[in-house]
Every structure is written in structure tokens, then in C-alpha cells.
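The values are calculated or read from the model by the stated rules, or taken from the named source; none is laboratory data. This is a predicted model, so every value here is computed, not measured. Virtual Cβ from ideal backbone geometry, glycine too; neighbours counted across all protein chains shown. Remember, those area values only see protein heavy atoms, side chains included, never the ligands or the DNA or RNA. Shrake-Rupley method; radii C 1.70, N 1.55, O 1.52, S 1.80 Å.
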Amino acid sequence: MQVLDRYLDAVRGYLPRDQRADIVAELAEDLRSEIEERQAALGRPLAEDELRALLKRRGHPMSVAERYLPSRHLIGPAMLPAYLRTVRIAVGVILVLALAGSLVFTGPARGAVPVLSGAWIWFWLALGGSLAYVGLFTLIFGLVERHYRRAEETGRWDPRDPEGLTADVDASARLSQRAHAVADVVTDLLLLVLWLRVHPVAMPEMGIVLTPVWLALHWPVALYLAASIGVELADALRPSSSRGRLLAHLWVDGLALVLIGVLLAAAPWVRVTAPSIPAETARMLGRWMNSACLLGLLSIGVYYLVRFVRQALRAFGGSSPATTPQATGQ
Amino acid sequence: MSPDLFENLRLELRRGCVIVAVMAALRSEQYGYTLRKALAEQGMDIDEGTLYPLLRRLETQGLLASEWREEDKRNKRFYRLSADGKQVLKQLLAEWETIDSSLRGILKENRRASARSVS
């Protein structure tokens with residue numbers, strides 16, 4: 001009966017500790033009853049092949065154990081399509097960027113940035129980036145799913161709220177504001193550490209030189225990040241939609257807009273000086289990099305401008321803070 | 001029509017009936033293997049992967065009671081319907097009667113309508 005014992009051991013491994021002994025004892029008893037009945041009908045002990053066939057008919061140990069367990073999922077059927085769509089887009093973008101990067105840095109710009117000149121580095125960047133995004137989105141969607149499940153279980157949701165947030169709108173708004181603020185604090189802290197540790201002027205060993213505007217803005221950007229962290233910390237510790245808090249946000253966003261304006265006026269932002277690549281290729285690479293910088297700065301600028309206008313309308317436009325999008329967590 | 005579709009619908013139709021059948025069979029005490037055989041003999045084949053988790057669930061819900069006892073030199077778990085289980089079974093059987101009678105009425109009406117359209 002070694003086969004039977006191994007099978008039962010395998011089932012045991014998938015079961016929760018507190019139910020293992022009970023379930024496996026009952027399963028063993030059922031299997032032994034069936035084996036005995038077969039043996040009585042055949043008038044001989046079951047051959048190993050016959051025993052294996054009998055166990056195979058019962059199913060894989062994992063499926064057998066699964067039937068005893070409550071159905072649980074990290075991301076439910078309602079969230080799954082959005083999750084898959086988001087992951088597909090994120091991974092698709094990463095793969096396209098990695099492919100484009102590998103074509104540029106292993107082709108025409110080979111040697112411009114030595115560390116990026118091998119095909120394998122792009123493979124690992126694409127794989128690492130994709131896995132990181134899949135993990136991140138799994139975590140985010142899992143938390144959102146958990147939030148909605150809890151809202152349903154506790155009955156703390158309101159049909160008037162299309163997002164199915166809890167009925168206690170104020171509490172929900174505070175929770176949302178706090179969560180956003182914590183995420184912003186972490187992001188800005190990382191940016192500040194990166195900004196202060198990485199020399200912002202030149203990376204000659206990589207064949208890329210940043211123009212002097214970055215040096216001029218080194219401390220103003222650090223000041224902006226520190227101010228932003230301060231306001232976000234206040235949001236995290238004590239969520240509020242008071243006029244004072246709105247004015248603080250306005251001040252920080254205004255500073256961001258000024259910095260972006262100065263940067264936009266100071267083009268170009270990057271020069272490619274790698275001696276190992278032809279001058280024409282270096283110029284082309286420089287143009288691409290500056291175009292990417294322009295696009296990035298414009299996108300960030302539009303984002304901050306929209307945010308600034310919204311904050312200004314809330315601070316001076318007379319709309320009730322409690323019904324504004326940020327206050328309701330939308 | 002795919003065979004899977006029919007199989008899924010058949011299983012869905014059977015799901016509730018299996019619970020009633022198990023509860024009805026456990027008006028007298030039985031252990032899992034004999035219960036499965038008894039139900040199979042009555043034409044209600046339930047595979048063990050469905051039966052044992054169902055027995056545990058019904059016991060957790062207080063509808064069944066169980067005890068481990070030695071029989072034929074082997075430890076077996078015997079199940080029987082609890083007092084709550086008897087009450088719920090009574091209600092379920094009444095519900096079953098209502099569903100059965102409604103369904104028969106609908107089918108009878110359909111047969112009459114088809115006969116009228118043929119003539």
C-alpha cells in the first residue's frame with residue numbers, strides 16, 4: 001500500500017494543519033473500503049497498476065484537497081479583466097521600450113552607453129521590469145479587491161456612490177487622501193535621495209553630458225521635493241481640505257511649474273559626447289534624447305498645470321471641499 | 001450544442017438535489033462509503049470528491065452530526081441528520097414539492113400549446 005500512503009501524504013500536504021488528520025483519515029477509510037470491495041469482487045489483491053488507476057480516477061492530490069477548501073482568490077472575476085488589461089498594457093509598453101532601446105544602443109548608438117550595449121542587458125531589463133510591474137499591479141488590484149470585499153461584507157457601501165466606496169464618505173475620503181499622501185511621500189523621498197546622490201551635471205563615463213541648467217536647478221529642485229514631502233506628510237498625518245492646506249499645495253505646485261518653465265526655456269538638456277561613436281550618430285542620439293526630454297517635461301508640465309488650476313478653483317472658486325474630487329477620493 | 005454546455009447545466013441542476021438527497025439519506029446513520037453506495041443504488045451517483053466536502057460543510061452548518069467509531073476493526077466516521085438538519089430537510093422537501101409542482105404545470109402548459117399549434 002505504499003502507493004496509497006504516498007497519495008494520502010500528498011493530499012495531506014495541501015490541507016490546512018487543523019483539518020489534515022481528520023480529512024485524510026476519512027479519505028483513507030473511503031479508499032480502503034473501495035479497494036477491499038474491488039478485491040472481494042476480483043478474488044485477489046489489486047495489482048499496483050489497478051491501484052494506480054483507482055487513485056488516478058480520484059484526481060490529483062491538489063484537486064482532491066481543493067474540494068475541501070473554501071474558494072478564495074486574490075483578484076476576483078469582476079476585477080480580473082481590468083487587471084489583465086492593465087498588465088498587458090504595462091508589459092507591452094516595457095517590451096516596446098526595451099526593444100527600441102536595444103535596437104538603438106546595440107545598433108547605431110553602440111558604445112555610446114557601454115553598459116547598455118549588450119543585447120542581454122535589455123533582455124534582463126525587459127524581464128525585470130515586466131515582473132516588477134506584474135507584481136505591483138497584482139498587489140494594487142489585490143488591495144482594491146480586498147477593500148471592496150470588506151465594504152460588501154460590512155455593508156459599508158452606498159448605491160449613490162458608483163465606485164462602491166464605503167457609506168461613510170468622510171472616512172472614505174480621509175482614507176483615500178491619506179493613502180495618496182503616503183504614496184506621494186514615498187515617491188518624493190526616493191526622488192529626493194536619487195536627486196541628491198546622483199550628480200546632476202554630467203555622466204561623461206556614459207557618454208552623456210547634461211547641460212548647465214541642471215546644475216543651476218540642483219538645489220531649487222531639492223527644495224521643491226522637500227516642500228512637497230512636507231505638505232504630503234501633513235496630508236498623511238492629518239488629512240484636510242482646509243484653505244490653508246490647499247494654499248500649501250498651490251504653492252508647491254506653483255514652484256513645480258516655475259521649475260518646469262525654466263527647464264523648458266533652457267533647451268537643450270542633454271549632449272552626447274561619446275568619442276567612440278560617429279559624430280552624426282551622436283547628434284542623432286542627442287536629438288532623440290532631447291525630444292524625449294521635451295515630451296517628458298511637457299507631459300509633467302500639463303499634469304502640474306491641470307492640478308494647479310483644480311487646486312486654485314477649490315481654494316478660490318467657492319466649491320465645497322467635501323464634494324470636490326480629492327475630498328471624495330476620486 | 002457542445003456536450004460541455006449540457007454537462008454544466010446538468011451539474012447545476014443536480015447541485016441542490018444532491019444536498020437534499022444526502023440529507024434525506026442521513027435520516028438513518030451511515031458512514032461515507034455506505035452512504036455513497038446507497039445513493040448510487042438509488043440512481044444518485046455522487047463522486048467522493050463532492051460527497052465528503054459536502055458532508056463536512058453540512059456538519060459545520062449544524063445540519064449533520066458525526067462521530068468516529070470502530071466497525072469491522074476500522075475507524076469510521078458515522079454521520080446522521082441533526083435536529084436542525086431534520087427541520088431544514090422538512091422545509092427543503094416542501095420547497096422541492098412547490099418547485100416540482102410549478103415545473104410540472106409549466107411543462108403541461110407547454111405541451112398543450114404545442115398540441116394546439118400542431119392541430
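Of the residues making up region A:66-97, just one is touching a helix residue (DSSP H, G or I) at 6+ places or on another chain (Cβ under 6 Å), within 14 Å of chain B (Cβ to nearest Cβ) and in contact (Cβ under 8 Å) with a residue 24 or more places away in the chain, namely A:TYR68. Only one of the numbered conditions (1) within 11 Å of chain A (Cβ to nearest Cβ); (2) closer than 17 Å to A:ALA28 by Cβ; (3) open to solvent by 40 Å² or more (accessible area, probe 1.4 Å) is violated by B:THR60, and that is (2).
Output yes when any residue across region A:4-14 is free of Cβ contacts under 8 Å to residues at least 24 places away in the same chain, within 11 Å of chain B (Cβ to nearest Cβ), assigned to a helix (DSSP H, G or I) and among the acidic types (Asp, Glu), and no when none is. Within region A:4-14, not a single residue is free of Cβ contacts under 8 Å to residues at least 24 places away in the same chain, within 11 Å of chain B (Cβ to nearest Cβ), assigned to a helix (DSSP H, G or I) and among the acidic types (Asp, Glu). Going through (1) closer than 24 Å to A:ILE35 by Cβ; (2) part of a helix (DSSP H, G or I); (3) of a type outside the set (Ser, Thr, Tyr); (4) within 13 Å of chain A (Cβ to nearest Cβ) one by one, B:PHE78 falls short only on (2).
Out of all the residues in region A:61-90, which are surrounded by 12 or more Cβ atoms within 10 Å (Cβ to Cβ), aliphatic (A, V, I, L, M) and over 29 Å from A:ALA10 (Cβ atoms)? Across region A:61-90, the qualifying residues are A:MET79, A:LEU80, A:ALA82, A:LEU84, A:VAL87, A:ILE89, A:ALA90. If you take the residues of region A:56-65 that are in a helix (DSSP H, G or I) and either among the basic types (Lys, Arg) or under 15 Å from B:LEU51 (Cα atoms) (or both), which of them is farthest from the other protein chains (Cβ to nearest Cβ)? Filtering first and then ranking leaves A:LYS56. Among residues of region B:29-44 that are under 20 Å from B:GLU67 (Cα atoms), those with a beta-carbon under 7 Å from a residue that is part of a helix (DSSP H, G or I) and open to solvent by 30 Å² or more (accessible area, probe 1.4 Å) at least six positions away or on a different chain give the pairs B:GLN30/B:ALA38. If the condition is being within 21 Å of B:ARG36 (Cβ to Cβ), more than 12 Å from chain B (Cβ to nearest Cβ) and of a type outside the set (A, V, I, L, M, F, W, C), then region A:18-55 contributes A:ARG38, A:GLN39, A:GLU50.
Restricting the search to helices (runs of 4 or more DSSP H) fully inside region A:210-272 and requiring at least 2 residues that are in contact with an Asp or Glu (Cβ under 6 Å, 6 or more places away or on another chain) gives A:218-237. Do we find that A:ALA132 is open to solvent by less than 80 Å² (accessible area, probe 1.4 Å) and at pLDDT 85 or above in this structure? In short, yes.
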